[in-house]
Amino acid sequence: MTPPLATLLSASLSALAGILLLLLCVVPGSEPELQDTPQEDGSREVSFRGARGVWVVCLGVGALLFALLAVASPPDESRVLALVFGVVSAVLFVHQLCAYQNRVTLRVTPGSPRPGESMQVHWSVTSPVHVWKTYATLLGQERTVLDNGRGPYIDTHTFHEAPVKAAGVVVIPAEGVPTLPGTSHSIAWVLRLTALFPMWPVLQIEVPIEVRGATAGAPPDIEPPASVAPQEIQLGLRIDGDHRSFAPGEPIAGVVTWERPRPPRRASLRLVCEAITAGAGKNHTITEALLDLATQPRVFARALDDPFRRQAASETSALAASDCRRFRFAGPAAPYSYAGTLFDLRWRLELVIDGEAQVFDLVIGPGREVAGRERKAAAAVGDRRPSAPV
């Protein structure tokens, strides 16, 4: 083969291999296979099989490119260099190809723990090549969607982090907050598994862990008083038990009283949970329940012929100018009242009578306390948002 022809063939093969390399570099690797199978005993088995990474494709094309250059180049130093680079690329290609063919197995018991419960974890990473280091971490994270002017992004803050042995036990903290799914504000628990290989890649997968509420069921209902005398009723809202803190699942019940010059056209009571973003002060409704007080049992109403006429608790009628209605909300199991770094979760009752509103802050949580880390005084001074109810 004449030198001009060899040079032309070498240049053509180099251009063809370069184009092929560029095309394959923009093609992502195949999707990994992740199987999550709940078991009859309440545990979960998760298996993960690695995928072909884009760097495997790059090294494979690079090895082919250098091999073609070594064949097409004239017998000089350039051929030797191409041959050396081709051999190195081929060795790296085989190593990377084997490294990506890994398999991760994980078993957690129970599959959906509660705060304060222990979770048994067994995990392993196998690969055709040597795995340099493996470790796992249990993470509790706040996540919120913010907008920096160039578009929305997800801000994440880790409020709990604990190492997990390959065959060990990890405890969900008793003061931990259950999983809260959401699009703008969420609380997530994940088990992050990381495997490091001598050269590449770094394998990292996150398995979501659903942390349920702290109680298996609602506490016993608190029976309302058999009768309420009119002189015992104060204007506004009174909650049975005279407290504003409730355990998860505990019913929220009481009476609403008003006295106005004329009967209101509309009266309602709303139980709402809002997420308040730190700094921005934006409110996002997580959940709510609405009661029309006209449909709720009447305790007493003042009439012209009998100022203290009472009606049975099962009776309902039109709203009166001086009225007292009993209300009852099914106890919310979640989310808990929460004071976090990125956002707060706050519960409240809103009493609205003809557009006039009154707000009553509540606390929902185990031990009837606000969950989350205590803020130091210095941090509270720099935080312009109002503090969570206590």
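The values are calculated or read from the model by the stated rules, or taken from the named source; none is laboratory data. Here the structure is a predicted model, which is why all the values come from computation and not from measurement. Cβ coordinates were reconstructed from backbone atoms using ideal geometry, including for glycine residues, and neighbour counts include every protein chain displayed.
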In region 124-135, the residues that are surrounded by fewer than 15 Cβ atoms within 10 Å (Cβ to Cβ) and among the hydrophobic types (A, V, I, L, M, F, W, C): Trp132
Region 106-123, residues that are more than 12 Å from Val169 (Cα to Cα) and surrounded by fewer than 15 Cβ atoms within 10 Å (Cβ to Cβ): Gly116
Some residue of region 335-350 being in the same structural domain as Phe300 (by TED's automatic domain parsing), more than 20 Å from Val177 (Cβ to Cβ) and at pLDDT 90 or above: yes
Pair list, Cβ under 7 Å, 6 or more apart: region 315-338 residue in contact (Cβ under 8 Å) with a residue 40 or more places away in the chain and closer than 19 Å to Ala188 by Cα, other residue buried (at least 19 other Cβ atoms within 10 Å of the Cβ) and among the basic types (Lys, Arg): Ser337/Arg346
Residues satisfying the stated conditions in region 162-195, i.e. free of Cβ contacts under 8 Å to residues at least 60 places away in the same chain, closer than 30 Å to Val129 by Cβ and within 15 Å of the chain's Cα centre (by Cα): Val190, Arg192
Residue satisfying all of: in region 191-204; in a strand (DSSP E or B) and crowded, with 19+ Cβ neighbours inside 10 Å; modelled with the lowest pLDDT among these: Leu203
Breaking point among (1) at pLDDT 90 or above; (2) farther than 16 Å from Thr257 by Cα; (3) crowded, with 18+ Cβ neighbours inside 10 Å, for Ile353: (2)
Odd one out for Ser314, checked against (1) at pLDDT below 90; (2) of a type in the set (Ser, Thr, Tyr); (3) surrounded by 12 or more Cβ atoms within 10 Å (Cβ to Cβ): (3)
Test: Pro208 is outside the structural domain of Asp323 (by TED's automatic domain parsing), in a strand (DSSP E or B) and modelled with pLDDT of 85 or more: yes
Some residue of region 142-154 being surrounded by 14 or more Cβ atoms within 10 Å (Cβ to Cβ), hydroxyl-bearing (Ser, Thr, Tyr), at pLDDT below 90 and not in a loop (DSSP other than H, G, I, E, B): no
Exclusive hit being of a type in the set (Ser, Thr, Tyr) and modelled with pLDDT of 85 or more, set Thr215, Thr134, Thr183: Thr134
